[in-house]
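One structure is given here, and the rest of the page talks about it.
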Amino acid sequence: MGKLLESIQSPADLKNLNPAQMEALAQEIREFLIQSLAKTGGHLGPNLGVVELTLAIHAVFNTPTDKLLFDVSHQAYVHKILTGRATRFDSIRQPGGLNGFMLRTESEHDAFGAGHAGTALSAALGMAVARDLAGGNENVIAVAGDAAFTNGITFEALNNIAEQTKKLIVVLNDNEWSIDRNVGAIARYFHRVVTNEHYQHLHKKAKEIIERFGGKTAVKVVRRAEEAAKSFLWPSMMFEEFGLEYFGPIDGHNLPLLIETFKFLKAADHPVLLHVLTQKGRGFQPALDGQKKFHGLGPYHPETGDTPFSGLPTYSEVFANTLADLADKDDRIVAITAAMPNGTGLDHFRPRHPSRYFDVGIAEEHAVVFAAGMATRGFRPVCAIYSTFLQRAFDPIVHDVCLQKLPVLFCMDRAGLSGDDGPTHHGLFDIGYLRSIPEIVLMSPRNEDELADMMKTALDIAGPSAIRYPRGAVVGVNRKQQPQSLPIGEAEILTDGQDVAILGLGPMCALAEELSARLARDGYSAAVINPRFIKPIDKEMLANYARRVAAFVTLEDHAKTGGFGTAVVEALEELGFLVPVVRIGWPDQFIEHGKVDALRARHGVSVEEAHRQLLPLLANRRLPTLVAS
Ligand SMILES: Cc1ncc(C[n+]2csc(CCOP(=O)(O)OP(=O)(O)O)c2C)c(N)n1
């Protein structure tokens with residue numbers, strides 16, 4: 001850690017630094033981020049882009065009295081470093097360490113927790129209105145990336161701001177990137193503002209003036225830019241129509257200009273929006289060259305940016321390649337992503353079927369209703385959306401897809417514990433929110449070959465369906481040449497047995513097999529079942545085993561409440577069987593970030609826990625006797 005950085009215990013310490021020291025501190029923070037995240041991994045690119053912006057905000061405002069929010073908050077690392085967490089920064093995203101996002105329980109400086117996009121403006125407005133009602137005078141500052149403006153909630157907030165408060169500062173941190181290139185009309189609009197020649201000229205001028213005279217004059221330049229915006233670019237700037245006074249765009253790496261601008265905006269008696277231009281990955285060439293990779297990544301080489309080669313393909317890649325293969329033969333198939341072409345693997349689909357690929361921005365609700373619309377016209381839309389982000393689209397799934405019996409397929413990546421990202425990103429609720437919806441067929445594959453089969457199955461049926469599969473590398477099984485349709489609602493019996501029936505959902509099948517081996521050593525015979533279908537559940541299979549086993553075990557990478565195990569209990573109850581069910585899954589609490597294996601052990605999502613709960617239920621069972629032939 002650099003000397004200046006070492007001296008910053010809280011944002012108050014920034015107030016004693018002169019401009020040259022602030023610049024030097026910015027460089028120290030960049031170096032610190034690059035070196036530290038090389039070991040832990042994290043959101044390097046976004047944070048390198050907001051070093052000056054965060055410094056300027058903390059130099060002018062006083063958190064925690066003033067409220068500072070970041071949209072998504074993956075770019076809040078510099079904020080963490082400046083608010084007393086620098087010495088623990090090497091623990092970020094590590095078990096027991098700092099969270100990778102803002103967390104209200106982690107620091108009083110984290111005014112609002114996040115992880116999903118589009119919430120900063122609404123939450124900031126809530127805080128501003130609460131302040132107004134309470135007669136307070138603290139500032140509320142919401143920093144949101146350009147991609148946050150592709151999200152509906154951001155616009156719902158904009159629609160309300162001017163009516164509801166006179167004091168709110170919105171910062172649009174525009175780097176022209178989402179994780180991939182930002183998309184749509186809003187992105188084009190911002191781009192036009194940024195590339196306007198007049199602004200380019202004003203930027204250069206601002207820089208010169210600041211170098212010569214310092215802050216005050218710079219504010220005049222910002223104001224002139226604002227005037228120019230009105231006359232040159234747009235009959236009336238979009239944000240002005242929403243009742244926010246627009247300032248910018250200004251250079252988001254020009255610290256004195258940022259500081260003077262914030263001082264000026266602090267005094268505003270109406271809501272304002274400051275448009276700052278930043279460069280994602282600034283100061284680290286590999287991040288500038290590899291914007292997508294360095295948005296968020298695991299450990300890397302601190303000089304070259306190289307990352308270790310991971311041998312097996314991921315589920316996301318298998319999903320996307322399979323979809324592209326299926327689309328070769330079926331031109332009704334279209335693929336939809338909500339700003340995650342990289343994460344969902346659809347990057348692999350895009351070049352093979354460019355006209356049937358849609359990135360709609362961070363707009364999960366729109367993605368689903370859009371898919372529904374296409375389905376009414378005979379297309380077979382496939383929405384590739386992480387389990388956690390599909391939560392946003394619950395009502396469209398109910399109202400626009402399932403109620404209308406439309407054949408939309410939801411491919412839910414990152415279903416199960418996400419690990420390092422923590423509770424905002426764990427995909428632990430999708431069975432809970434989908435299982436109760438009529439019409440939907442819900443599946444979970446135990447390996448990549450079965451994922452392909454399930455995609456084929458889903459595309460062969462006439463109604464809605466969803467497949468949940470985990471983050472990361474596939475199992476590595478041999479794959480069939482062509483995927484095959486599976487019989488709907490039929491489980492796969494991997495091994496038959498008499499004493500206990502173990503149902504391992506999706507990748508948890510591996511644990512089911514481990515448990516079975518362990519029980520065999522205890523002298524019990526276990527059936528190992530791959531349920532395949534969460535809905536419709538295989539009642540025939542359940543009835544069959546309910547007649548002979550002492551207990552069922554369900555293993556799932558999902559919340560126990562409302563999960564697959566609950567579905568088994570309900571089905572048995574409906575069938576009239578009173579057989580105990582040992583349900584292994586995540587407890588009814590938000591699970592912290594950490595390494596998957598350690599978290600499973602801590603929370604009892606394990607073979608050991610299943611074994612521990614099962615033994616008393618089997619104790620009265622007579623051990624199998626050998627029958628003499
Ligand atoms: C609802 C939701 N969908 C998708 C994501 C995944 N995601 C995380 S960051 C990000 C892009 C953010 O871009 P921007 O806000 O412009 O910030 P930048 O990283 O460019 O600084 C996306 C799509 C998310 N966090 N929330």
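The values are calculated or read from the model by the stated rules, or taken from the named source; none is laboratory data. Predicted, not measured: the structure shown is a model, and the values here were computed from it. All Cβ positions, even for glycine, are placed from backbone atoms using ideal geometry, and neighbour counts span all protein chains on display. Remember, those area values only see protein heavy atoms, side chains included, never the ligands or the DNA or RNA. Shrake-Rupley method; radii C 1.70, N 1.55, O 1.52, S 1.80 Å.
Efficiency by 1/(1 + (r/R0)^6): what FRET value for E156 and T105, r their Cβ-Cβ distance, R0 = 22 Å, to the nearest 0.05?
Working: r = 27 Å, r/R0 = 1.23.
With R0 = 22 Å, the Cβ-Cβ based efficiency is 0.20.
Carbon-plus-sulfur fraction of the accessible area of the range 50-181, 1.4 Å probe, in percent?
On the way: 2010 of 4060 Å².
Percent of accessible area from carbon and sulfur atoms in the range 50-181: 50.
Taking Rh as the Kirkwood radius computed over C-alpha pairs, what is the Stokes-Einstein D of the chain at 20 °C in a medium of viscosity 1.002 mPa s, expressed in µm² per second?
Working: Rh = 26.4 Å.
Rounded to a whole number, D works out at 81 µm²/s.
Based on the mean of other beta carbon atoms within 10 Å per residue, what is the order of 421-430, 354-363, 373-382, most packed first?
So the order, starting with the most tightly packed, is 421-430, 354-363, 373-382.
Using the heavy atoms of the protein chains alone and a 1.4 angstrom probe, what is the accessible area of the range 543-597 per residue in square angstrom?
43
In nm, what is the difference between 0.36 nm times the number of residues separating A20 and A462 and their Cα-Cα distance?
So the extension gain works out to 152.5 nm.
Per residue, how many Å² of accessible area does the range 308-396 show with a 1.4 Å probe?
39
For the chain, what is the mean residue ellipticity at 222 nm derived from helices alone (per DSSP H run of n ≥ 4: -39500 (n - 2.57); sum divided by total residues; nearest 500 deg cm²/dmol)?
-11500 deg cm²/dmol
Give the separation of the Cα centroids, the range 528-574 to the range 138-202, in Å.
So the separation of the two Cα centres works out to 48 Å.
What is the helix-to-structure angle for 120-134, meaning the angle in degrees between its Cα long axis and the longest Cα principal axis of the chain, kept from 0 to 90 and rounded to the nearest 10?
Tilt of helix 120-134: around 70 degrees.
In nm, to one decimal, how far is the modelled label at A601 from the one at A185, with both set 7 Å along Cα→Cβ?
Each label point is offset 7 Å from its Cα along the Cβ direction, giving 5.5 nm.
Considering only protein heavy atoms and a probe of 1.4 Å, how much of the accessible area of the range 544-629 is carbon and sulfur, as a whole percent?
Roughly 53 percent of what the probe reaches on the range 544-629 is carbon or sulfur.
Quick one: if you stick a label point 7 Å off each Cα along the C-beta vector at L403 and E574, how many nm between them?
2.2
Within 10 Å, count the other beta carbons around each residue, average over each peptide in 140-149, 32-41, and list them highest first.
140-149, 32-41
Testing the spin-label approximation: label points 7 Å from Cα along Cα→Cβ at S310 and N137. State their distance in nm.
5.2
For a quick check of your reading of the filter: which trypsin sites (Lys or Arg not before Pro) in the range 473-530 sit in a DSSP loop and have no more than 12 other Cβ atoms within 10 Å?
Passing both the DSSP loop test and the Cβ count: K480.
Determine the per residue accessible area of the range 1-139 with all protein chains present and a 1.4 angstrom probe, expressed in square angstrom.
For the range 1-139, the per-residue accessible area is 34 Å².
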